[in-house]
Amino acid sequence: MNHFKRCLLLPVMLFLFVIFCPQMARAASYNIYVDKSYDGDEEGTSDKPYKTLKKAVEKAESNGSGERKIHLKNGEYDGDLTLPKETELYGQEKAKVIIKGHDFNNLNLEGNNKLENLTVSGGMNALNLKGKTTVSGCIIKNAGKNGVNMTEGSSPVVIEKSELAYNAKGMYVQKGRAIDIVDNSIHDNDEEGIDIREKVRGSVIGNDVFSNGEGGIEIVVGSANLTIRGNDIKKNKASGIANQFYSSASKTGKITITKNTISRNGHYGMYCGAPSGGEGRPSNYWSDSLDVTNNKIELNKKKAISGSCDVVKAVTEEEKKTNETIESETAIKEEDKSAEEIVKQEQEEDVFKQEEEKETKNKETLAQIKSDKNRLWEEISNKKTEINKTNRFKSFFFGFDPKAVSPVKEYNEKIKANIAVLSELSNNTNLDEVKLDIDQLKNEMDGRLKENEAFVQQKEKSFSLFGWALRLFGI
């Protein structure tokens, strides 16, 4: 090889190394593989992957302290699984790797877990996070209760570059957690986009929080240490940001709310209130807890900031003038309120909150009945099959034993009880979409009840040779 060719070969080899080395390194980083479409011997390797996520998780759990990085090829996989500690899931394509759940927790994460580039759909909680977790580039949707539920504790959680949509509540951050919620799209959830309880620390930065059925971001202020920065919070049915005081979490917080755009929300841009009544709240609680500066707050249905907040320098003078003009043009301008009027305003918000909590409980009950229904249907089907297979010879000669259908009768009573609960829920809700769900579920249960009753009746009146002979001879 001449000198010229050697000189040309070197940069080509370097180029190929730069291009292919990251992909090779990433491919080698997984040690368990899953491919739903694979048909052959299953070993969990790249060329002989498992067909189910369940098998991969079982393999990961048996690895002891070894690596637990699972790669899923495109396809829909059954969830309702617990990921052991140190287990990580990676999808081939975010929208095409779907983990489908049905029961309470679709994926239950024990700690030191990571999810990347996949979709988690369904379950009461799509993700239930017990320990340290990172969720990156995922879609979390269709949960009956919470898209992401973080249990109480101090473990850190990172949710980044993900979409949380069409859940009852987008994200529920329980007491004490450390969070980094960054660059997500959180939208079209039935309740709050992000619900943060007391003593939570961390940041909520650069998110789009929009079109949620209640508030965009709700925060229990007590002992919180949070930065809410650079978010676009808009078109939520209640307030953009709702700060809450509870006497059980009465210490001041340290919450910086800055450089956000908060617009076109159904109530206030930012609201401060006390759902439990506000007993024991210091007069300067909000101004001591909230640092609200350099936000763009406009076009909200009520005022930019509720009078109860009493936050210094919340908006610039220019923004204040713009908001006053908007409020005047839409006939919703409010004058400075007296102390009595502020209390009345808080009471109205509290009534609204109580109504929201009632509807939340209604939805939770409905979701639980839906979840239990699938299991109940399966149990009934299995019991009918068992009845049909049992004692055919004996039934033919001597008749069917009425006791055999007692379990089906008991299931029928459960269905009737569920129908009664659904009827009560229908009378207790003001939401048309909930009423529609209830009516559909009641119709399904009514149909199943009639089917079961016909089954019982048919079995109890089934033919027997001995009985036929008695009737024939008039005995």
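Select from the range 274-288 the residues that are in contact with a strand residue (DSSP E or B) (Cβ under 6 Å, 6 or more places away or on another chain) and crowded, with 21+ Cβ neighbours inside 10 Å and list them in ascending order. Matches in the range 274-288: TRP286 only.
Identify the residue in the range 153-163 that is free of Cβ contacts under 8 Å to residues at least 40 places away in the same chain and closer than 14 Å to VAL173 by Cβ and, among all such residues, is nearest to the chain's Cα centre (by Cα). Across the range 153-163, the extreme among qualifying residues is ILE159. Sub-9 Å Cβ pairs linking a first residue in the range 353-369 that is more than 19 Å from VAL421 (Cβ to Cβ) to a second residue that is surrounded by fewer than 18 Cβ atoms within 10 Å (Cβ to Cβ), at least 6 apart or interchain, are GLU355/ASN430, ordered by first then second residue. If you go through the range 250-273 and pick out every residue that is in contact with a helix residue (DSSP H, G or I) (Cβ under 9 Å, 6 or more places away or on another chain), surrounded by fewer than 18 Cβ atoms within 10 Å (Cβ to Cβ) and closer than 14 Å to ILE217 by Cα, you end up with 0.
Of everything listed in (1) in contact (Cβ under 8 Å) with a residue 40 or more places away in the chain; (2) surrounded by fewer than 24 Cβ atoms within 10 Å (Cβ to Cβ); (3) of a type outside the set (Val, Ile, Thr), the single unmet condition for SER223 is (1).
Look through the range 231-249, keep the residues that are of a type outside the set (A, V, I, L, M, F, W, C) and outside any strand (DSSP E or B), and return whichever of them is surrounded by the fewest Cβ atoms within 10 Å (Cβ to Cβ). Residue satisfying both the conditions and the ranking: SER248. Being assigned by TED's automatic domain parsing to the domain that holds GLY91, buried (at least 23 other Cβ atoms within 10 Å of the Cβ), over 26 Å from LEU431 (Cα atoms) and polar (S, T, N, Q) is a property that holds for ASN113. Step by step: first the residues of the range 396-420, then only those that are at pLDDT 80 or above and basic (Lys, Arg), then the one that is surrounded by the most Cβ atoms within 10 Å (Cβ to Cβ). Which residue is that? For the range 396-420, the residue satisfying everything is LYS414.
Among the residues of the range 90-102, those identified as touching a strand residue (DSSP E or B) at 6+ places or on another chain (Cβ under 9 Å) and surrounded by fewer than 20 Cβ atoms within 10 Å (Cβ to Cβ) are TYR90, GLN92, LYS94, ALA95, LYS96, LYS100, HIS102.
Restricting attention to the range 405-449, which residues are assigned to a helix (DSSP H, G or I) and of a type in the set (Ser, Thr, Tyr)? Spell out how you get there, then give the answer.
Restricting attention to the range 405-449, the residues satisfying the condition of being assigned to a helix (DSSP H, G or I) are 405-428, 432-449.
Passing the criteria: SER406, TYR411, SER423, SER426.
Taking the range 421-475 as the range and being at pLDDT 65 or above, of a type in the set (Lys, Arg) and more than 25 Å from the chain's Cα centre (by Cα) as the test, the residues that pass are ARG448, LYS450, LYS459, LYS461.
The values are calculated or read from the model by the stated rules, or taken from the named source; none is laboratory data. This is a predicted model, so every value here is computed, not measured. Methodologically, a virtual Cβ is constructed for each residue, glycine included, from the backbone with ideal geometry; neighbour enumeration extends over all protein chains shown.
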